[in-house]
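Since the structure comes first, as structure tokens, the remarks are kept for the end.
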Amino acid sequence: MAIHDYTELRLELTAPINAGSFSIDFNFFSMEYPAYACRGYNDTFLVMLTSAKYKTPTEIAFDTSGGRINVNNSFFIACN
């Protein structure tokens, strides 16, 4: 499927020397829901982490079922 409205935001943060972990909070909104849910369209939200420890970008945001954040996941509805 072709991507028609890709948007990307990159942040570079410097952690304090004594930091041992971090957390994020996010809100995911979509104009596709509910009209296009479970169809061929699927807005997706990714949070990728790259660091001294994780040289390859690693996805770190998931829904309650461990799936990718998108219109067809457990935050919205279950597709049959």
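The values are calculated or read from the model by the stated rules, or taken from the named source; none is laboratory data. Not measured: the values here are computed from a predicted model. A quick note on method: Cβ atoms are made from the backbone with ideal geometry, for glycine too, and the neighbour counts reach across all protein chains shown. Note: areas computed on protein heavy atoms with side chains; ligands, DNA, RNA excluded. Shrake-Rupley method; radii C 1.70, N 1.55, O 1.52, S 1.80 Å.
Mind checking which pairs have a first residue in segment 51-70 that is of a type in the set (Phe, Trp, Tyr) and a second that is open to solvent by less than 40 Å² (accessible area, probe 1.4 Å), Cβ under 8 Å, 6 or more apart or different chains?
Phe62/Ile69
Looking only at residues that are modelled with pLDDT under 85 and in contact with an Asp or Glu (Cβ under 8 Å, 6 or more places away or on another chain) in segment 34-67, which one is most open to solvent (accessible area, probe 1.4 Å)?
Among those that are modelled with pLDDT under 85 and in contact with an Asp or Glu (Cβ under 8 Å, 6 or more places away or on another chain), it is Tyr41.
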